[in-house]
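The values are calculated or read from the model by the stated rules, or taken from the named source; none is laboratory data. Just so we're clear, the structure is a prediction, and the values are computed from it rather than from any experiment. Don't worry about glycine lacking a Cβ; one is built from the backbone with ideal geometry, like all the others, and counts go over all protein chains shown.
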Amino acid sequence: MLDFDDIQHILLTRAPALNGRYVFLTFRDPEGARAWLSAMLETVHSARAMRESVARDRRWVTLAFTWNGLRALGVDEASLATFPEEFRQGMVARAEILGDTGANHPDNWVDDTKSPDLHAIVILFARDAEAHARCVAAHDELLTRHESVQMLSTLDLAATPPFDYAHDHFGYRDRLSQPVIEGSGDEPTPGSGGFIKAGEFILGYPDESGPGPRLPQPEILSRNGSFMAYRRLEEHVGRFRAFLREQGQTPDEQELIAAKLMGRWRSGAPLVLAPERDDPALGADPRRNNDFGYKHQDPHGYAVPLGTHIRRMNPRDTAANMNRRRMIRRGATYGPPLPEGAADDGVERGIAAFVICASLIRQFEFAQNVWVNDKSFHELGNERDPIIGNQDGTLEYKIPKRPIRKTITGLPAFTNVRGGAYFFLPGLRALRWLAALGQAPA
Ligand code: HEM
């Protein structure tokens, strides 16, 4: 049985938010940091509270901490040492493994997430712009009363219009495929892979290989928690659209190229099920839009090239141990939309995402290292993920086709990493325990 009263809502639910802000914080002293945390506690929804009041609520708050942040709150060294090594090192130290080199190197990140002084993130999701303004003002006001907690940077999030379905700045429908946790109350839709043991995402539960690893200590701190990889990914929309125009003569051909990079049409329709032409009704239908595999339906990639983003990030029935590699995705778009037909304006826009999993190394880092950036994944030879791979303009992209495949040489980078960090997402009991650190037991 999942402890719905303890698990932070973001792990099990997605807030119906059109706006948001991420606030990156540093703590000057442990007492001051804990006083701020005490004041924040009542604003954080558990998974149960979220589900019960989602229709009425207008804002949703999540708190998470870096390893340095746990120390800055007063967690002792013996306990800090029990956290996994990759989390202790932090995302910047893992740059080589993650493929964050060249243009994606932390030296090029624009916010302060690479700073060792980054201690916490507050995720404020708001139903709309008005709720966003109120929520931001309330947190700013709280910070004025807690001088030892300082803002390093903030990032405002806003959905891209039209608002009736979630999509990114390139125009791809998003939030279609998500792992379903056993005991969460959610039902897997056809093709989405069945239930996954809770321990793959939440600490303290059995995972797909057995009872689950030893918890970081003390258990009150780690149980019902999870790890979050934060990625701020700039999307070069002008470059992306110019590429589609170069590669396709007609609007239909351009749409097909866009689909051949992602594995789904921009409408969300999967190429496996709609290989020749788009089918927006299929893309919008949750009973059908995940109901496919690759092994029998498209073994050679004639519909979905082996290198597409979704075939890499979830090879489905063509990978061993797939249930050990799933990830929960949350996040939102930031920056103004670039109107269709407009020249690139040089303004940064993109996706600021959280990848949530019980093991950063086995799930997120493996995906980045092998699926996204290994040039010979699927024996492709000279390719990386066309959407999020580290592209330096020298790599290929192959689109299988009969009788002759299409090979694009010199694929440009459509995205770049502009910030990132590893966070621990404690349960609510752990948040209270952290807030009370240093106090004599009652
Ligand atoms: C700018 C960056 C990104 C864009 C534009 C993007 C876009 C998309 C889109 C449109 C889908 C298909 C919709 C869906 O299945 O929900 C998708 C699926 C997915 N993406 Fe990304 N994504 C980005 C970054 C990432 C990152 C950083 C990760 C993890 C490291 C990731 C992991 C996944 C996974 C696991 C899926 C589901 C595949 C499936 O189950 O079939 N994506 N992405």
>> Considering only the range 379-388, I want to know if a residue exists there that is out of contact with any Ser or Thr (no Cβ under 8 Å at 6 or more places or on another chain), modelled with pLDDT of 95 or more, under 23 Å from H167 (Cβ atoms) and within 10 Å of the ligand (Cβ to nearest atom).
In response: yes
> Taking the condition of a type in the set (F, W, Y), closer than 19 Å to V92 by Cα and touching a strand residue (DSSP E or B) at 6+ places or on another chain (Cβ under 8 Å), does F414 pass?
Replying inline: no
> Out of all the residues in the range 400-415, is one or more more than 12 Å from the ligand (Cβ to nearest atom) and under 20 Å from the mean Cα position of the chain (by Cα)?
Replying inline: no
> Hey, does the range 400-414 have a residue that's touching a Ser or Thr at 6+ places or on another chain (Cβ under 7 Å) and at positive phi?
Replying inline: yes
> Does P218 meet the test of being surrounded by fewer than 16 Cβ atoms within 10 Å (Cβ to Cβ) and touching a Gly at 6+ places or on another chain (Cβ under 8 Å)?
Replying inline: no
>> Among the residues of the range 224-267, what is the count of those that are surrounded by fewer than 18 Cβ atoms within 10 Å (Cβ to Cβ) and assigned to a loop (DSSP other than H, G, I, E, B)?
In response: 3
> Just to be sure, is R14 in contact (Cβ under 8 Å) with a residue 12 or more places away in the chain, under 22 Å from the mean Cα position of the chain (by Cα) and farther than 27 Å from G199 by Cβ?
Replying inline: no
>> Against the definition (more than 30 Å from A93 (Cα to Cα) and away from the ligand (no atom under 16 Å from the Cβ)), how does G185 come out, yes or no?
In response: yes
> Right, Q368: polar (S, T, N, Q), assigned to a loop (DSSP other than H, G, I, E, B), within 15 Å of the ligand (Cβ to nearest atom) and buried (at least 20 other Cβ atoms within 10 Å of the Cβ) or not?
Replying inline: no
> Mind checking which pairs have a first residue in the range 64-75 that is closer than 21 Å to I10 by Cβ and a second that is of a type in the set (D, E, K, R) and part of a loop (DSSP other than H, G, I, E, B), Cβ under 7 Å, 6 or more apart or different chains?
Replying inline: none
>> Quick check on the range 310-338: of everything there that is under 19 Å from the mean Cα position of the chain (by Cα) and among the hydroxyl-bearing types (S, T, Y), which residue is nearest to the ligand (Cβ to nearest atom)?
In response: T333
> Among the listed residues G341, G346, G307, which satisfies the condition of being more than 10 Å from the ligand (Cβ to nearest atom) and crowded, with 21+ Cβ neighbours inside 10 Å?
Replying inline: G307
>> Being over 24 Å from the mean Cα position of the chain (by Cα) and either assigned to a loop (DSSP other than H, G, I, E, B) or within 13 Å of the ligand (Cβ to nearest atom) (or both) is the filter here; which residues of the range 389-399 pass it?
In response: G393, T394, L395
>> Among the listed residues A49, A35, identify the single one that is closer than 30 Å to D168 by Cα, part of a helix (DSSP H, G or I) and touching a residue at least 24 places away in the same chain (Cβ under 8 Å).
In response: A49
>> It is to be established whether one or more residues within the range 192-209 are within 16 Å of the ligand (Cβ to nearest atom), modelled with pLDDT of 95 or more, surrounded by 14 or more Cβ atoms within 10 Å (Cβ to Cβ) and in a strand (DSSP E or B).
In response: yes
> Within the range 275-299, can you find the residues that are buried (at least 22 other Cβ atoms within 10 Å of the Cβ) and away from the ligand (no atom under 11 Å from the Cβ)?
Replying inline: D298
